[in-house]
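Reading through the structure tokens given below for one structure.
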Amino acid sequence: VDQHPAAAFEDNDQKPVGHGRMLRKEDPRFIRGKGRFCDDVQLPGMLHLAILRSPVAHARIVSIDTSAAEAHPKVKAVVTGAALAEMGLAWMPTLSGDVQAVLATDKVRFQGQEVAFVVAEDRYAARDALELIDVEYDLLEPVIDARRALDPSAPVIRDDLDGKRNNHVFDWETGDEAATEAVFAAADVAVTQDIVYPRVHPAPMETCGSVADYDRIDGRLTLWSTTQAPHAHRTLYAIVAGLPEHKIRVISPDLGGGFGGKVPIYPGYVCSIVASIVTGKPVKWMEDRSENLTSTGFARDYIMRGEIAATRDGRILAVRTNVLADHGAFNGVAAPVKYPAGFFGVFTGSYDLEAAYCKMTAVYTNKAPGGVAYACSFRITEAVYLIERLVDCLAYELKMDPVELRIKNFIQPEQFPYKTKTGWVYDSGDYEPTMRKAMEIAGYDELRAEQVERRARGELMGIGISFFTEAVGAGPRKDMDILGLGMADGCELRVHPTGKAVVRLSVQSQGQGHETTFAQIVAEEIGIPPADIDVVHGDTDQTPFGLGTYGSRSTPVSGAAAALVARKVRDKARLIASGMLEVSVADLEWQKGSFHVKGDPTKSVTIQDIAMRAHGAGDLPEGVEGGLEAQICYNPENLTYPHGAYICVVDIDPGTAQVKVRRFIAVDDCGTRINPMIIEGQVHGGLTDGVGMALMEMIAFDEDGNCLGGSLMDYLIPTSLEVPDWETGFTVTPSPHHPIGAKGVGESATVGSPPAIVNAVVDALKPFGIRHADMPLTPSRVWDAMRGAPQPP
Ligand code: PCD
């Protein structure tokens with residue numbers, strides 16, 4: 001009824017995948033303010049929950065007095081960690097197998113940690129009552145710097161863990177240390193560079209929140225929550241709270257962005273569940289912006305030492321890195337169990353090397369937990385930044401053009417599938433044409449000529465390159481699981497008698513347009529127009545099990561499931577068609593939307609005719625059940641490896657050290673492109689993320705552990721004013737193992753853009769003899785770099 005005209009099949013009926021102008025089905029409701037987000041959920045009798053948070057980073061809790069808050073006329077309940085402990089709910093598992101306090105019992109371990117909650121008749125009363133709670137803290141020395149955490153004299157943050165005597169989270173290594181050492185020893189040139197990827201925050205437009213509704217009579221829990229992984233969350237709630245899984249329904253309604261920050265289970269979700277159980281009423285919890293920035297999952301926070309070895313004429317031989325990873329107070333990283341450092345192993349980049357080695361130590365600090373994959377398939381952002389900065393450092397030392405150095409070392413098309421020195425099997429790639437395309441759009445040679453002229457006039461113009469390969473689509477269940485749950489995805493397709501269809505996905509959308517693109521995939525396979533295919537997602541009662549949307553896995557995993565489930569339905573349709581046309585199956589030919597008898601296109605039946613027959617009266621061929629539907633659980637054979645070539649042009653004001661991104665060229669290769677307009681939007685968003693991280697964003701702390709990025713006045717995120725008009729292009733190298741050849745793309749630009757921007761800034765500063773400067777390249781940092789001042793630690 002309220003169908004967007006352009007969501008219909010339009011001019012390109014025969015080509016739903018790759019349709020250049022198909023608008024998003026979900027936009028009419030978003031544009032008209034009809035989206036339904038968590039905070040839009042209103043239930044009769046609903047109460048409101050607010051969380052009291054620690055003002056200090058590290059302290060023992062001496063006492064908590066809640067009596068004044070309890071006396072507030074509108075307050076229904078006040079709950080502390082001690083009360084949760086009695087229910088066995090004070091601690092919960094994190095997705096990486098650590099435990100995290102739901103409410104602090106013994107100590108607070110970061111500023112902003114959850115200490116108590118109030119449930120009241122309205123949001124304002126709940127917040128007011130927080131002020132009436134009196135907590136006495138006994139201050140402890142905070143450990144803020146990851147290097148200090150390693151010091152044997154540093155206080156032990158996680159003394160809750162049995163026998164824990166230090167702040168180690170894990171040690172991890174990959175690659176071949178001895179082989180790498182040998183290559184380094186024999187190499188003409190070796191370059192070492194310290195590189196920091198600062199702590200940043202996904203900062204989605206919508207903060208986190210939930211509405212829990214526990215029905216005491218039948219023991220059912222319905223939870224609306226801002227989650228990117230409703231099924232995985234449901235299973236964990238069942239395990240943690242002991243509620244039977246079939247009585248829990250998790251609904252992830254429209255989400256105002258996730259960017260990895262909505263993968264973890266946050267204490268607030270659990271608090272709202274407890275509150276609803278305790279009060280017998282529905283309870284809503286919604287964070288404010290500062291709570292979101294100071295307590296939900298941060299990203300990055302890697303201190304890296306990178307080394308690269310090469311021949312004098314620019315043949316890269318090996319890379320080596322030593323990483324100190326800051327994981328905050330609880331290990332809240334979400335990554336497949338076998339990969340404590342995520343997919344950082346792809347730090348060898350797009351180059352054909354002889355050896356590689358990485359050693360990593362992760363530590364606890366008195367900072368918010370996280371390590372979420374913010375637009376990053378599990379630490380690939382850090383890996384790509386490391387290698388792309390190192391290659392530029394090498395180019396600087398060899399006095400080589402950074403593009404020439406990259407092209408010289410690319411893995412060649414005939415080498416795919418290519419096994420890297422750290423064991424990753426890149427499925428497909430053809431790098432040089434992608435690089436050349438970016439150079440062509442940029443007018444690379446002209447830009448370099450212009451730079452020479454400008455430099456002669458004392459102007460600071462920089463050109464930065466980055467070339468990335470990502471590993472997205474986790475993952476083959478044989479080696480990827482989260483807390484024992486295999487990373488496969490279910491999909492179910494039903495075709496109704498009138499030929500309209502509904503496809504149910506285990507992944508859900510945070511804004512990237514699945515209601516459109518999954519309809520396109522199914523349409524391509526069974527020939528029903530996308531407008532006639534409804535996509536259901538984000539509700540555990542309505543969809544098959546699967547692990548959720550992150551790591552750009554929806555297209556590689558769920559997208560494959562959608563294509564295959566549609567093929568399964570088509571196979572059944574073929575059997576029915578053979579009965580209808582009275583020919584054998586082998587004599588039928590499929591042409592988008594109908595079967596016809598080979599050699600006689602006039603004898604045909606459409607998928608709609610077949611759907612009606614499948615549900616109708618009359619005989620079906622022997623052994624064929626009625627109905628037209630199928631279900632599948634897809635376990636990917638491998639990850640998909642999209643790649644891209646980015647070129648950034650910056651100008652720096654020599655008087656203020658302000659960086660202006662003048663141009664940005666992004667050529668992405670994500671294999672078969674389902675919806676080019678959506679891909680472009682994804683790329684624009686990711687590039688904007690990149691400008692933020694490279695030039696503006698950092699969650700910093702003072703020495704007491706006060707978060708200095710707790711509001712959007714202090715934590716700067718980019719707006720349209722800071723970004724140029726993006727210039728995009730693409731190449732297509734299909735994935736050989738994906739049924740339609742598609743690779744993920746949602747995070748590509750966030751991963752690939754920061755090194756291009758930093759490389760451009762460092763290139764602009766070349767006249768000052770600078771080889772590296774750390775993000776964020778704010779005017780003050782650039783100013784210091786220009787004056788040779790030491791970089792901040
Ligand atoms: N596509 C197409 N084609 C191809 C690929 C793709 O078309 N070839 C499209 C699809 O369909 C979708 C999109 O595009 O729609 C995306 O995809 P992907 O790549 O697959 O991805 P996904 O899974 O879906 O998603 C996820 C991502 C991520 S991950 C992130 S961060 C971000 C992105 O997504 N986030 C977001 N993007 C976005 N957007 C929005 N709007 N919002 C958000 O939130 Mo992570 O891990 O979580 O960190």
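Within the set HIS496, HIS537, the sole residue that is at pLDDT 95 or above and under 16 Å from THR227 (Cα atoms) turns out to be HIS537.
Just checking, how many residues over the stretch 464-479 are crowded, with 24+ Cβ neighbours inside 10 Å and either more than 30 Å from TYR634 (Cβ to Cβ) or of a type outside the set (Asp, Glu) (or both)? So the answer is 11.
Taken over the stretch 613-653, residues that are surrounded by 19 or more Cβ atoms within 10 Å (Cβ to Cβ), part of a strand (DSSP E or B) and either under 27 Å from the mean Cα position of the chain (by Cα) or free of Cβ contacts under 8 Å to residues at least 60 places away in the same chain (or both) amount to 10. Given the options GLU525, GLU470, GLU492, GLU515, name the one that is within 30 Å of VAL650 (Cα to Cα), among the acidic types (Asp, Glu) and either out of contact with any His (no Cβ under 6 Å at 6 or more places or on another chain) or away from the ligand (no atom under 16 Å from the Cβ) (or both). When all the criteria are applied, what remains is GLU470. Here the condition is being at pLDDT below 95 and farther than 30 Å from LYS743 by Cβ; of ALA617, ALA577, ALA611, ALA586, it holds for ALA617 alone.
Would you confirm, using the coordinates I've provided, whether TYR124 is modelled with pLDDT of 95 or more and either closer than 30 Å to MET46 by Cα or in a helix (DSSP H, G or I) (or both)? Taking the combined requirement at face value, the residue satisfies it. Looking across the stretch 537-572, the residues that are within 21 Å of the chain's Cα centre (by Cα) and surrounded by fewer than 20 Cβ atoms within 10 Å (Cβ to Cβ) come down to ASP539, PHE545.
Tell me yes or no: at least one residue of the stretch 647-662 is over 21 Å from GLY559 (Cα atoms), within 16 Å of the ligand (Cβ to nearest atom) and at pLDDT 95 or above. So far as the stretch 647-662 goes, no, none of its residues is over 21 Å from GLY559 (Cα atoms), within 16 Å of the ligand (Cβ to nearest atom) and at pLDDT 95 or above.
Among all positions in the stretch 55-64, there is at least one residue which is surrounded by fewer than 24 Cβ atoms within 10 Å (Cβ to Cβ), modelled with pLDDT of 95 or more, among the β-branched types (Val, Ile, Thr) and part of a loop (DSSP other than H, G, I, E, B). Looking only at the stretch 509-540, count every residue that is out of contact with any helix residue (DSSP H, G or I) (no Cβ under 8 Å at 6 or more places or on another chain) and part of a loop (DSSP other than H, G, I, E, B) and tell me the total. Residues that pass the stated criteria total 2.
For every residue, the table says whether it meets (1) at pLDDT 95 or above; (2) among the small types (Gly, Ala, Ser); (3) not in a helix (DSSP H, G or I).
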position: PHE664; (1), (2), (3): yes, no, yes
position: VAL683; (1), (2), (3): yes, no, no
position: MET698; (1), (2), (3): yes, no, yes
position: ASP725; (1), (2), (3): yes, no, yes
position: GLY729; (1), (2), (3): yes, yes, yes
position: VAL732; (1), (2), (3): yes, no, yes
position: SER735; (1), (2), (3): yes, yes, yes
position: GLY746; (1), (2), (3): yes, yes, yes
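Per the listing LYS284, LYS338, LYS262, the residue uniquely farther than 23 Å from ARG123 by Cβ and among the basic types (Lys, Arg) is LYS338.
Within the stretch 693-719, the only residue that satisfies the criterion of being within 16 Å of the ligand (Cβ to nearest atom) and without any contact (Cβ under 8 Å) to a residue 60 or more places away in the chain is PRO718.
Just one residue in the set GLU382, GLU446 is of a type in the set (Asp, Glu) and within 16 Å of the ligand (Cβ to nearest atom); that residue is GLU382.
Out of curiosity, is ALA566 within 14 Å of the ligand (Cβ to nearest atom) and farther than 30 Å from MET205 by Cα? So ALA566 fails the test.
A quick yes/no check of all residues on (1) of a type in the set (Lys, Arg); (2) closer than 22 Å to ASP704 by Cα; (3) free of Cβ contacts under 8 Å to residues at least 40 places away in the same chain:
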position	(1), (2), (3)
HIS72	no, no, no
TYR124	no, no, yes
VAL135	no, yes, no
ARG147	yes, yes, no
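A single entry from TYR418, TYR444, TYR431 fulfils the requirement of being crowded, with 22+ Cβ neighbours inside 10 Å and either closer than 30 Å to VAL346 by Cα or modelled with pLDDT under 95 (or both): TYR431.
A quick yes/no check of all residues on (1) in a strand (DSSP E or B); (2) touching a residue at least 12 places away in the same chain (Cβ under 8 Å); (3) exposed (fewer than 15 other Cβ atoms within 10 Å of the Cβ); (4) touching a helix residue (DSSP H, G or I) at 6+ places or on another chain (Cβ under 8 Å):
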position: LYS164; (1), (2), (3), (4): no, no, yes, no
position: ASP171; (1), (2), (3), (4): yes, yes, yes, no
position: THR180; (1), (2), (3), (4): no, yes, no, no
position: ALA185; (1), (2), (3), (4): no, no, yes, no
position: ALA190; (1), (2), (3), (4): yes, yes, no, yes
position: ASP194; (1), (2), (3), (4): yes, yes, yes, no
position: ARG199; (1), (2), (3), (4): yes, yes, no, no
position: ALA203; (1), (2), (3), (4): no, yes, no, yes
position: LEU236; (1), (2), (3), (4): no, yes, no, no
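Scanning the stretch 670-698 for residues that are among the β-branched types (Val, Ile, Thr) and more than 20 Å from TYR550 (Cβ to Cβ) turns up THR672, VAL691.
Going by what's in this entry, would ALA773 be described as at pLDDT below 95 and in a loop (DSSP other than H, G, I, E, B)? The answer is no for ALA773.
Applying the criterion of being of a type in the set (Val, Ile, Thr) and not in a helix (DSSP H, G or I) to the residues of the stretch 541-561, the residue that is nearest to the ligand (Cβ to nearest atom) is THR549.
Quick one: is HIS231 in a helix (DSSP H, G or I), of a type outside the set (Ser, Thr, Tyr), within 16 Å of the ligand (Cβ to nearest atom) and at pLDDT 95 or above? Here the answer is yes, as HIS231 does meet what is asked.
Considering the conditions (1) in contact with a strand residue (DSSP E or B) (Cβ under 9 Å, 6 or more places away or on another chain); (2) assigned to a loop (DSSP other than H, G, I, E, B), TYR302 is excluded by exactly one of them, (2). Can we say ALA488 is surrounded by 19 or more Cβ atoms within 10 Å (Cβ to Cβ), over 29 Å from THR728 (Cβ atoms) and touching a residue at least 60 places away in the same chain (Cβ under 8 Å)? Judged against the criteria, ALA488 is a match. Of all the numbered requirements in (1) more than 37 Å from the chain's Cα centre (by Cα); (2) at pLDDT below 95, THR606 misses one, and that requirement is (2). Filtering the stretch 707-740 to residues that are surrounded by fewer than 17 Cβ atoms within 10 Å (Cβ to Cβ), touching a Leu at 6+ places or on another chain (Cβ under 8 Å) and of a type in the set (Gly, Ala, Ser) leaves only SER711.
Scanning the stretch 250-296 for residues that are within 14 Å of the ligand (Cβ to nearest atom) and assigned to a helix (DSSP H, G or I) turns up just one, ASN292. Within the stretch 499-508, at least one residue is surrounded by fewer than 23 Cβ atoms within 10 Å (Cβ to Cβ) and outside any strand (DSSP E or B).
The values are calculated or read from the model by the stated rules, or taken from the named source; none is laboratory data. All values derive from a computational prediction rather than experimental measurement. Note that we place each Cβ from the backbone using ideal geometry, even for glycine, and neighbour counts take in every protein chain shown.
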